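A.B. asks: Starting off with a structure, shown below.
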Amino acid sequence: MSRADLILRGGDVVDGSGGARLRADVAITADRIAAVGDLGALAADREIDAAGLVITPGFIDVHTHDDRYLLEEPLMPAKASQGVTTVVVGNCGSSLAPYTRADLPAQASLMLSDPKYRFPTAGGYFAALDEARPALNAAVLVGHRSLRFNAMDDLERPATGSEIGQMRLQLREALDAGAIGMSTGLFYPGAQKATKEEVAEIAAEMRADDGIYTAHIRDEGDRLLEAIEEAAEIGRLAGVQVVLSHHKAAGRTNFGKTALSLPLIEKLMASQRLAFDVYPYIASSTALLPAIVDRADRVHITWCKGRPEFANRDLDQVAKELGGLSRQDAAAAVIPAGAIYFTMDEADVSRVVAHPKSMIGSDGIPSDAFPHPRLWGTFPRVLGHYGRNLGLLPLELAVHKMTGLPAAEFGLKDRGLLRPGAYADLVLFDPSTVLDTATFDSPKQPASGIVEVLVNGETIWAKGASTGARPGRALRRQADTTRGQG
Ligand code: ZN
Ligand code: CU
C-alpha cells in the first residue's frame with residue numbers, strides 16, 4: 001500500500017477485544033481498515049490528529065426500536081452523536097415487517113401506526129432500507145407480536161398448530177431475506193397468552209439458520225427469575241441462541257434481585273448459548289399502560305396523542321388536574337400515550353452495567369416527543385458516568401461491551417474489532433470529556449466528547465453535527481454475518 005484514503009495519527013487505540021489500549025496510527029482505504037501501527041511512512045489524502053483521543057470500533061446498539069427512524073430520519077443523529085455505527089432493530093416483539101394485516105390491533109406499538117411503514121415481507125423492508133441509505137448499519141429481527149397480528153384473529157389465547165405454521169412461513173421468508181432472528185415481548189398485550197411451547201415451535205424454524213432469539217421476558221419484577229428460566233428454556237427447546245433484553249429488576253419489592261439474576265444468567269451461560277444487554281438508567285420506558293403505573297415510584301409522560309400538553313408531565317400531576325383521579329384512572333383517561341417509569345434501584349443498574357458479559361443496548365424510542373434520555377445518552381453514559389466518573393469499569397471493558405462482544409454474539413462479520421481488514425466503523429472520542437448530556441427534563445441532547453464517527457470509511461458525525469453522509473448498510477444474515485453459513 002503506497003497511500004491510504006485517511007489516517008488517524010497517534011491516538012490511543014482501544015480495539016474492542018477488551019485488551020489494553022495501544023498508541024497507534026490507523027489507516028483507512030475505501031470502507032476498510034488498511035493498517036494499524038506506526039505508519040509514519042504512509043501518506044494519506046486526509047489526516048486526523050488523534051493525539052489525546054481514543055480510537056475504538058463503532059458502537060453496536062444491540063437493542064433498538066429504530067426500525068422507522070432508519071427510514072424517516074436516515075442521518076439518525078440520536079445514535080450517530082453517541083458513536084453508534086450499527087443498530088439491531090425489531091426488538092421486544094415488534095417489527096415493521098412482516099406485516100400483512102390491513103388493520104391495526106389495539107395491542108400494536110405506535111411504531112406500526114403508519115401504513116406507509118408497514119411491510120408485508122422482510123424483503124420489502126430490506127429494500128426500503130437500501131433505498132433510504134441511512135447513515136448507520138442495521139441488522140433486523142422479526143417481531144413475534146407482528147407475526148401474531150398476522151396469523152391470529154384472537155390474540156388472547158395461545159396460537160394453534162396451523163397459526164404456528166403460518167408464523168413459521170413468514171419467519172422463513174424473513175430469514176431468507178436476511179433477518180438475523182426473532183424477538184419476543186411476552187410481557188406485552190398481544191403476546192401474554194403465548195406459551196413457551198408456542199414461541200419455541202416458531203423459533204425452531206431458525207435452528208438451521210442459526211437465528212438469534214431476543215427476549216423481552218414475561219416478567220422483570222416479582223417473577224424475574226422464572227421469566228429468565230422460561231426464555232432460556234425456549235432457547236433450548238428451539239435449539240437457538242438467546243439474548244435477554246434490557247436486564248433489570250423492576251419494582252421496589254425486587255430491589256437487589258440482580259444479585260440473584262446475574263448468577264442465574266452465568267449458570268445458564270455455562271450450558272447454553274445465552275447473552276444479555278442493559279441500558280444504564282434507573283427508569284424504563286414504553287407505552288403508558290394503566291396496569292403497570294402503580295409499580296413505579298414516579299411516572300413521566302413521553303407523548304400523548306389526545307392531549308399533547310400532557311407530554312413531559314408527571315402522571316401524578318396530570319391525575320390531580322383531571323379532578324383527583326387515581327394514577328390508573330388518569331392513565332386510562334389519557335391513553336394512547338407513552339411513559340417513563342422510575343422502577344429500578346441504582347445498585348442493580350450499576351451491578352448489571354459493570355458485569356463483564358453485559359452488552360449495551362439503548363432501547364431508545366425515537367418517535368417519542370420527550371423520549372427517555374437513553375435514546376441520546378446510553379453509550380457516552382456508560383463510558384463517562386459509569387466508567388470514568390464512578391470508576392465502575394475500565395474503558396477497555398466498557399468499549400468491549402459495546403463492540404467486540406456484541407459483534408461476536410450477533411455474528412456481525414468484520415465489525416466490532418479494530419484491526420486490518422475490518423470495516424472502518426470507528427469512533428474518535430476524548431476520554432476525559434465523553435459524557436451523556438441528555439436528561440429526563442431535556443432528553444434530546446448530543447453527548448459531549450464524541451469527536452468523529454465513521455461508518456464504512458466515511459465520516460457521518462464530526463464537530464457536533466451530522467455530516468450528511470449516509471454510508472450505512474442493511475446487514476443481511478447470509479452475506480454480512482457468520483450466522484447459518486453451515
Ligand atoms: Zn423491551
Ligand atoms: Cu425494547
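A.B. asks: Give the number of residues within segment 208-220 that are in a loop (DSSP other than H, G, I, E, B) and open to solvent by less than 10 Å² (accessible area, probe 1.4 Å).
C.D. replies: Of the residues in segment 208-220, 1 are in a loop (DSSP other than H, G, I, E, B) and open to solvent by less than 10 Å² (accessible area, probe 1.4 Å).
A.B. asks: Can you tell me which residue among GLY93, GLY83 is crowded, with 24+ Cβ neighbours inside 10 Å, within 27 Å of ARG9 (Cβ to Cβ) and in contact with a strand residue (DSSP E or B) (Cβ under 8 Å, 6 or more places away or on another chain)?
C.D. replies: Unique residue meeting the criteria: GLY83.
A.B. asks: Kindly indicate whether GLU205 is within 23 Å of the chain's Cα centre (by Cα), of a type in the set (D, E, K, R) and outside any loop (DSSP other than H, G, I, E, B).
C.D. replies: no
A.B. asks: On the given criteria, is ARG145 away from ligand 1 (no atom under 16 Å from the Cβ), of a type in the set (Lys, Arg) and under 24 Å from ALA194 (Cα atoms)?
C.D. replies: no
A.B. asks: Residues in segment 103-116: is at least one open to solvent by less than 10 Å² (accessible area, probe 1.4 Å), in the same structural domain as ASP176 (by TED's automatic domain parsing) and within 16 Å of ligand 1 (Cβ to nearest atom)?
C.D. replies: The answer is yes, given that some residue of segment 103-116 is open to solvent by less than 10 Å² (accessible area, probe 1.4 Å), in the same structural domain as ASP176 (by TED's automatic domain parsing) and within 16 Å of ligand 1 (Cβ to nearest atom).
A.B. asks: With the requirement that a residue be in contact with a strand residue (DSSP E or B) (Cβ under 7 Å, 6 or more places away or on another chain), farther than 16 Å from ARG415 by Cα and either at pLDDT below 95 or not in a strand (DSSP E or B) (or both), what does segment 4-22 give you?
C.D. replies: Residue satisfying the conditions is ARG21 alone.
A.B. asks: Given the conditions (1) outside the structural domain of HIS246 (by TED's automatic domain parsing); (2) closer than 13 Å to PRO57 by Cα, report the number of the one that LYS401 does not fulfil.
C.D. replies: Among (1) outside the structural domain of HIS246 (by TED's automatic domain parsing); (2) closer than 13 Å to PRO57 by Cα, the lone unmet condition for LYS401 is (1).
A.B. asks: In segment 317-328, what count of residues is obtained for those that are exposed (fewer than 14 other Cβ atoms within 10 Å of the Cβ) and assigned to a helix (DSSP H, G or I)?
C.D. replies: 3
A.B. asks: When you scan segment 23-43, how many residues do you find that are over 25 Å from LEU412 (Cβ atoms) and open to solvent by 50 Å² or more (accessible area, probe 1.4 Å)?
C.D. replies: Here the count works out to 4.
A.B. asks: Within segment 76-96, does at least one residue satisfy the condition of being in contact (Cβ under 8 Å) with a residue 60 or more places away in the chain and more than 18 Å from the chain's Cα centre (by Cα)?
C.D. replies: Within segment 76-96 (the criterion being in contact (Cβ under 8 Å) with a residue 60 or more places away in the chain and more than 18 Å from the chain's Cα centre (by Cα)), the answer is no, since none of the residues qualifies.
A.B. asks: What about ALA44, is it away from ligand 1 (no atom under 16 Å from the Cβ), within 21 Å of PRO420 (Cβ to Cβ) and either modelled with pLDDT of 95 or more or β-branched (Val, Ile, Thr) (or both)?
C.D. replies: yes
A.B. asks: Moving on. Out of everything in segment 180-207 that is within 16 Å of ligand 1 (Cβ to nearest atom) and open to solvent by 10 Å² or more (accessible area, probe 1.4 Å), what residue ends up being farthest from GLY484 (Cα to Cα)?
C.D. replies: PRO189
A.B. asks: Does ILE340 qualify as being buried (at least 22 other Cβ atoms within 10 Å of the Cβ) and touching a strand residue (DSSP E or B) at 6+ places or on another chain (Cβ under 9 Å)?
C.D. replies: yes
A.B. asks: Sort through ILE48, ILE33 and tell me the only one that's more than 16 Å from ligand 2 (Cβ to nearest atom), over 24 Å from the mean Cα position of the chain (by Cα) and more than 18 Å from MET402 (Cβ to Cβ).
C.D. replies: It is ILE48.
A.B. asks: Here's a follow-up. Taking segment 95-127, which residues are touching a helix residue (DSSP H, G or I) at 6+ places or on another chain (Cβ under 6 Å) and within 16 Å of ligand 2 (Cβ to nearest atom)?
C.D. replies: Passing the criteria: SER95, LEU96.
A.B. asks: So which residues in segment 216-230 are acidic (Asp, Glu) and within 14 Å of ligand 1 (Cβ to nearest atom)?
C.D. replies: ASP219, GLU220
A.B. asks: Between residues in segment 61-74 that are within 12 Å of ligand 1 (Cβ to nearest atom) and residues that are among the β-branched types (Val, Ile, Thr) and open to solvent by 10 Å² or more (accessible area, probe 1.4 Å), which pairs lie under 6 Å by C-beta distance while being six or more apart or on different chains?
C.D. replies: Every condition considered, the pairs that remain are HIS65/ILE365.
A.B. asks: Same structure again: Across segment 265-286, which residue is nearest to PRO443 (Cα to Cα) among those that are more than 16 Å from ligand 2 (Cβ to nearest atom) and either part of a strand (DSSP E or B) or within 23 Å of the chain's Cα centre (by Cα) (or both)?
C.D. replies: ILE282
A.B. asks: Condition first: out of contact with any helix residue (DSSP H, G or I) (no Cβ under 9 Å at 6 or more places or on another chain) and either more than 16 Å from ligand 2 (Cβ to nearest atom) or open to solvent by 10 Å² or more (accessible area, probe 1.4 Å) (or both). Now tell me which residues in segment 224-250 satisfy that.
C.D. replies: GLU226
A.B. asks: A further question follows. Out of all the residues in segment 63-94, which are within 16 Å of ligand 2 (Cβ to nearest atom) and farther than 15 Å from PRO366 by Cβ?
C.D. replies: GLY93
A.B. asks: Going by what's in this entry, would LYS413 be described as over 30 Å from LEU39 (Cα atoms) and basic (Lys, Arg)?
C.D. replies: Considered against the rule, which asks whether it is over 30 Å from LEU39 (Cα atoms) and basic (Lys, Arg), LYS413 comes out as no.
A.B. asks: Right, next: All but one of (1) open to solvent by 20 Å² or more (accessible area, probe 1.4 Å); (2) over 30 Å from GLY185 (Cα atoms); (3) touching an Asp or Glu at 6+ places or on another chain (Cβ under 8 Å) hold for THR56; state the number of the condition that does not hold.
C.D. replies: So THR56 meets the others, but not (1).
The values are calculated or read from the model by the stated rules, or taken from the named source; none is laboratory data. Only a predicted model underlies this, so the values are computations on that prediction, with no experimental measurement involved. Positions of Cβ are generated from backbone atoms using ideal geometry, with glycine treated the same way; all protein chains shown enter the neighbour counts. With ligands, DNA and RNA removed, areas are computed over all heavy atoms of the protein, side chains included. Shrake-Rupley method; radii C 1.70, N 1.55, O 1.52, S 1.80 Å.
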